[in-house]
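Input: a single structure, listed below in structure tokens.
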Amino acid sequence: QVQLVESGGGLLQTGGSLRLSCAASGIVEAIGDMAWFRQAPGKQRELVARISRRGITNYADSVKGRFTISRDNAKNTVYLQMNTMKPEGTAVYYCATEERGRDYWGQGTQVTVSS
């Protein structure tokens, strides 16, 4: 099994920056893509960004140019640098990965952007 632990959430003002981290532990040798999702109050969980083991990335249109996903395979950690934050970025951010066809999720970290 794989365990994911997010950190770095918090409260920030519009236009501010925040960096989220997610560390994977357990059976990590076969971890594939790693991703960040978010779920705002009353809304469905949505994909924010995804990165393959080789570093190929893709982003939701709403965050392109402002967010950067990266990973350190040696540390089994994925990061999400969030810049120019907007109030609509307020959500619980979840880290996710898959290993041998099974999906794993972190517990989530709250990000609140004040206007």
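Can you confirm whether Tyr59 is in contact (Cβ under 8 Å) with a residue 60 or more places away in the chain and on the phi < 0 side of the Ramachandran plot? Here the answer is no, as Tyr59 does not meet what is asked. Contact map, segment 3-14: residues that are closer than 20 Å to Glu88 by Cβ paired with residues that are at pLDDT 95 or above and among the charged types (D, E, K, R), Cβ distance under 7 Å, separation 6+ or inter-chain. Pairs shown: Gly8/Arg19; Thr14/Lys86.
Within this structure, Val48 fails the test of being touching a residue at least 60 places away in the same chain (Cβ under 8 Å) and not small (Gly, Ala, Ser).
The values are calculated or read from the model by the stated rules, or taken from the named source; none is laboratory data. What you see is a predicted model, and the numbers here were worked out from it, not measured in a lab. FYI the Cβ positions are ideal-geometry reconstructions off the backbone, even for glycines, and counts take in every protein chain you see.
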